[in-house]
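The values are calculated or read from the model by the stated rules, or taken from the named source; none is laboratory data. What you see is a predicted model, and the numbers here were worked out from it, not measured in a lab. FYI the Cβ positions are ideal-geometry reconstructions off the backbone, even for glycines, and counts take in every protein chain you see. To get the accessible areas, we keep the full protein, side chains included, count just its heavy atoms, and leave off ligands, DNA and RNA. Shrake-Rupley method; radii C 1.70, N 1.55, O 1.52, S 1.80 Å.
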Protein chains: 2
Amino acid sequence: MQVIKQYIENNKQRLLDELFELLRFPSVSADPKYAPDVLNAAEYVAKKLTDAGAENVEVCQTAGYPIVYGEKIIDASLPTVLVYGHYDVQPPDPLELWHTPPFEPTVRDGKIYARGACDDKGQFYMHVKAFELMMRTDGLPCNIKFMIEGEEEVGSNNLSIFVKANKERLKADVVLISDTSMISMEHPSLETGLRGLSYLEVEVTGPNRDLHSGVYGGAVANPATILAKMIASFHDDNNRITIPGFYDDVIELTEQERRELNAAPYNEEEYKKDLDVNELWGEKGYTTFERTGTRPTLEVNGIWGGYTGEGAKTVLPSKASAKISMRLVPNQTTDKITQLFTHHFLNIAPPYVKVKVTPHHGGEPVVTPTDSIAYKAAQKAIAESFGKQPIPTRGGGSIPIVALFEAELGLKTVLMGFGLDSDALHSPNEKYDIFNYYKGIETIPLFHKYFAELSK
Amino acid sequence: MQVIKQYIENNKQRLLDELFELLRFPSVSADPKYAPDVLNAAEYVAKKLTDAGAENVEVCQTAGYPIVYGEKIIDASLPTVLVYGHYDVQPPDPLELWHTPPFEPTVRDGKIYARGACDDKGQFYMHVKAFELMMRTDGLPCNIKFMIEGEEEVGSNNLSIFVKANKERLKADVVLISDTSMISMEHPSLETGLRGLSYLEVEVTGPNRDLHSGVYGGAVANPATILAKMIASFHDDNNRITIPGFYDDVIELTEQERRELNAAPYNEEEYKKDLDVNELWGEKGYTTFERTGTRPTLEVNGIWGGYTGEGAKTVLPSKASAKISMRLVPNQTTDKITQLFTHHFLNIAPPYVKVKVTPHHGGEPVVTPTDSIAYKAAQKAIAESFGKQPIPTRGGGSIPIVALFEAELGLKTVLMGFGLDSDALHSPNEKYDIFNYYKGIETIPLFHKYFAELSK
């Protein structure tokens, strides 16, 4: 490891500068006005892979944003690690809440503040630099392939087409992804599960136009009130979701699994203080970690209707809408849950209004087995670079393509992320700690080393 | 009346052109970016009053937008009619739903389409032209004073200051306002009551920042869901408002009053068809007219929170907000209702969130007595120009300053409006029928005539 640490030390500024340049591309996949920037980011990634020593580097065209591929095959008999990441980022809004511009990476207190600093540029770029490090020091223990896409934040629709069409090219022994978080740098951890996702947009329409609330108020149903009543009905008094059939396929944790999960350090006062809430809220009978990692949930991600501008306007709105998503756990499936929600929403809609349900992208829940070679290699790598065993955790977020890789390529995924919950993913002032960035570059070569050793 | 009709016929195009010019000012009081236009509209009104023959015309400065004053005193022994109107208009949004630009008056099928066409420019300008007509034909039967303000749509805060400071100047025998509607031109009607208004903005805050709904979903309360639950609780299964004390001061109509009110023509199928709703909704035990004219209501005018842009964003929002207003009936009072709502909202807020309530402008409910000289004068005027007695109606909307005039000037108000419910006030594609515009100019001089006669 001394060689690794030395290389990082010798190149520390350049390692940062290259990441900053990557962060400056406003590669927002959800908003078409950023299209040129997304494409430029892809070109930059391709160039950096080539500079690091990758071969057969290609910016692969898709029906949407391109997928950047590159590889270095040392020896066909060695195991192959397939690295996945994404160069697209979440929208930056609300802009006014950022302390520094989202696409001008700024360092404060040892943290890099920028949209994408953690999710996912800082994290996947560690793999590019770890690859370069191995190439320029002791060489690669495993073959390596890179697949860095540009549509993760909008559902990775074209990735599944690409994967199905490139099974030969993508042949490997494990998928390695850094897009999750650790408990802390004092308590390193490894994600052993991810929740799935079901995402829908609903629209409730009352009268065919906005009405004067004096002339019509009291005579017709207000779609905002009706939508509120429908949303209010989704959770009962125990904060359980009321959609019929919702929990049918949910697998409860065993007592031992619950003990292991809840053994992870947790300070409820600090958790509440960090969020500035007086009381937590969740499904009765489950701890905070169980609620976010092992139980399915339903959230309103956005709601709007009527007049929302400055001042007062006495309108009875024609429409009210909401974006609603559900996080799923094994063995729920995204299509079935989407269907259950849709059916239920249409069912509970009263006759005063018309409702519309539009599904968005989803993803299946996954669990990564802790007795696999890949998991053990990650465990050893982290134990060596951190000086302590990683704690197994269940992640609340979704990375839908992990299920895709298993289904289409027959590959398990190791989720070895170096983020922190405080990184403010999807929020203003997203950041990534510089310490974590270097730590990842230090740990990843160890994964490759141990994966090769354990595969013999 | 022949003289009246002849004058209108001889000047019909100019009467329209002058109104169109007034409509072209985007005098939106709610949005500061239109300030120059609001001021220009005031100057135009002043000029037109002067051209019509008014004296002591003044654009009276206030802490906000000016109040345009003008008068013509024929004889101190004659009764004085004080005409109130407003030259400011509602915001035009959503712009994309207008068929023609909101500030470019366009005639289609005998209707003038523009923001403010009915509310209130088309309506108050009839009085300016009726005044001109009387001045240029048989003279004024009564003295006349004009008070046309520029902040009605944002609460008329500076009007009350002006009224209190100008009691001498504003001395009169009745206030005459055209800012309401008739059932139809086949069924002319007179407004005998207006609902009051209480308007508030509420904000529910959960975590101190937007969160990743995967990382935190299930562990903390979602403010959008909590707000939905609170809004959902406002109406019970009979669609009665659940705020404690809300109905305490409400005066029920007598059986006779209900009979008179419900005698007005009403076609439920057409009402539903016009709004394109399958079923109406309202307080159990009351008809549509009772619900909109004589019962208090609560409406969500706007609701927003979280991500509302294009595509999907899996955020657990930090805040959710709503604009909520209540229409009041005698003897509810706006301050008391605002206080009851605020108290109740703070009370039902669960401990997982923090809530904030911000009151906006309000107004008291009013009823105009049908046995007054002023009401009878309006009744006779309409009977003559329409050829049938007007039906007494209870209006759903609010004109808060009517209560102000009674309290500060000791004056009753006659609400003689020529609008129609289909005019789409506060909505896109607001219009005013040309027939109604001319009919008002024809009827108003008759009011002056009969008010003078009945006052002898």
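Can we say A:K380 is out of contact with any strand residue (DSSP E or B) (no Cβ under 6 Å at 6 or more places or on another chain), open to solvent by 60 Å² or more (accessible area, probe 1.4 Å) and either under 26 Å from B:Y307 (Cα atoms) or not assigned by TED's automatic domain parsing to the domain that holds A:T80 (or both)? Let's see the steps before the verdict.
On the way: out of contact with any strand residue (DSSP E or B) (no Cβ under 6 Å at 6 or more places or on another chain): yes; open to solvent by 60 Å² or more (accessible area, probe 1.4 Å): yes; either under 26 Å from B:Y307 (Cα atoms) or not assigned by TED's automatic domain parsing to the domain that holds A:T80 (or both): no.
It is false that A:K380 is out of contact with any strand residue (DSSP E or B) (no Cβ under 6 Å at 6 or more places or on another chain), open to solvent by 60 Å² or more (accessible area, probe 1.4 Å) and either under 26 Å from B:Y307 (Cα atoms) or not assigned by TED's automatic domain parsing to the domain that holds A:T80 (or both).
For every residue, the table says whether it meets (1) at pLDDT 95 or above; (2) part of a loop (DSSP other than H, G, I, E, B); (3) out of contact with any Ser or Thr (no Cβ under 7 Å at 6 or more places or on another chain); (4) open to solvent by 20 Å² or more (accessible area, probe 1.4 Å).
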site: A:D37; (1), (2), (3), (4): yes, no, no, yes
site: A:N40; (1), (2), (3), (4): yes, no, yes, yes
site: A:L49; (1), (2), (3), (4): yes, no, yes, no
site: A:V57; (1), (2), (3), (4): yes, no, no, yes
site: A:Y65; (1), (2), (3), (4): yes, yes, no, yes
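Scanning for something part of a helix (DSSP H, G or I), at the interface with another protein chain (Cβ under 9 Å from one of its Cβ atoms) and surrounded by 21 or more Cβ atoms within 10 Å (Cβ to Cβ), does the range A:292-301 turn up at least one residue? Lay out the reasoning, then the answer.
Start the filter on the range A:292-301 by keeping residues that are part of a helix (DSSP H, G or I), which leaves A:292-293.
From what's left, at the interface with another protein chain (Cβ under 9 Å from one of its Cβ atoms): A:292-293.
With the extra rule that they be surrounded by 21 or more Cβ atoms within 10 Å (Cβ to Cβ), the set shrinks to A:292-293.
Within the range A:292-301, one or more residues are part of a helix (DSSP H, G or I), at the interface with another protein chain (Cβ under 9 Å from one of its Cβ atoms) and surrounded by 21 or more Cβ atoms within 10 Å (Cβ to Cβ).
Can you work out which of the residues in the range B:236-257 that are open to solvent by less than 60 Å² (accessible area, probe 1.4 Å) and within 30 Å of B:M182 (Cα to Cα) is farthest from the other protein chains (Cβ to nearest Cβ)?
So, considering only residues that are open to solvent by less than 60 Å² (accessible area, probe 1.4 Å) and within 30 Å of B:M182 (Cα to Cα), the one farthest from the other protein chains (Cβ to nearest Cβ) is B:D249.
What are the pairs with Cβ atoms under 9 angstrom where one residue, in the range A:85-96, is farther than 27 Å from B:K319 by Cβ and away from every other protein chain (no Cβ under 11 Å) and the other, located anywhere, is buried (at least 21 other Cβ atoms within 10 Å of the Cβ) and among the basic types (K, R)? Sequence gap at least six, or different chains.
Final answer for the pair search is A:G85/A:K121; A:H86/A:K121; A:Y87/A:K121.
Which members of the range A:330-350 meet the condition of being part of a helix (DSSP H, G or I) and open to solvent by 70 Å² or more (accessible area, probe 1.4 Å)?
From the range A:330-350, those part of a helix (DSSP H, G or I) are A:334-348; that's our starting set.
Matches in the range A:330-350: A:D335, A:K336, A:Q339, A:H343, A:L346, A:N347.
Only one of A:T338, A:T334, A:T370 is touching a residue at least 40 places away in the same chain (Cβ under 8 Å) and away from chain B (no Cβ under 14 Å); which?
Values: A:T338 fails: away from chain B (no Cβ under 14 Å); A:T334 fails: away from chain B (no Cβ under 14 Å).
The unique qualifying residue is A:T370.
What residue, among those in the range B:130-162 that are closer than 18 Å to B:G410 by Cα and among the aliphatic types (A, V, I, L, M), is most open to solvent (accessible area, probe 1.4 Å)?
B:I161
In the range A:182-220, how many are open to solvent by less than 10 Å² (accessible area, probe 1.4 Å) and assigned to a loop (DSSP other than H, G, I, E, B)?
So the count comes out to 6.
Closer than 29 Å to B:D210 by Cα, open to solvent by less than 20 Å² (accessible area, probe 1.4 Å) and within 11 Å of another protein chain (Cβ to nearest Cβ) - does that describe any residue in the range A:408-423?
Checked against the condition, which is being closer than 29 Å to B:D210 by Cα, open to solvent by less than 20 Å² (accessible area, probe 1.4 Å) and within 11 Å of another protein chain (Cβ to nearest Cβ), the range A:408-423 yields at least one hit.
Test B:E260 against the criterion of being of a type in the set (D, E), exposed (fewer than 14 other Cβ atoms within 10 Å of the Cβ) and more than 13 Å from chain A (Cβ to nearest Cβ), and give yes or no. Steps first, answer last, please.
Values: of a type in the set (D, E): yes; exposed (fewer than 14 other Cβ atoms within 10 Å of the Cβ): no; more than 13 Å from chain A (Cβ to nearest Cβ): yes.
No; evaluated as a whole, the condition is false for this residue.
Quick check on my filter: what residues within the range A:17-50 are in contact with a helix residue (DSSP H, G or I) (Cβ under 8 Å, 6 or more places away or on another chain) and under 18 Å from A:R136 (Cα atoms)?
A:E18, A:K48, A:L49
Can you tell me which of (1) in contact with a helix residue (DSSP H, G or I) (Cβ under 9 Å, 6 or more places away or on another chain); (2) open to solvent by less than 30 Å² (accessible area, probe 1.4 Å); (3) within 28 Å of A:T292 (Cβ to Cβ) is the one B:P223 doesn't meet?
(1)
Is the range B:173-181 home to any residue that is surrounded by fewer than 21 Cβ atoms within 10 Å (Cβ to Cβ), under 23 Å from the mean Cα position of the chain (by Cα) and over 22 Å from B:G362 (Cβ atoms)? Reasoning before the result, please.
Restricting attention to the range B:173-181, the residues satisfying the condition of being surrounded by fewer than 21 Cβ atoms within 10 Å (Cβ to Cβ) are B:173.
Add one more test, that the residue is under 23 Å from the mean Cα position of the chain (by Cα), and what stays is B:173.
Now restrict to residues that are over 22 Å from B:G362 (Cβ atoms): B:173.
Yes, some residue in the range B:173-181 is surrounded by fewer than 21 Cβ atoms within 10 Å (Cβ to Cβ), under 23 Å from the mean Cα position of the chain (by Cα) and over 22 Å from B:G362 (Cβ atoms).
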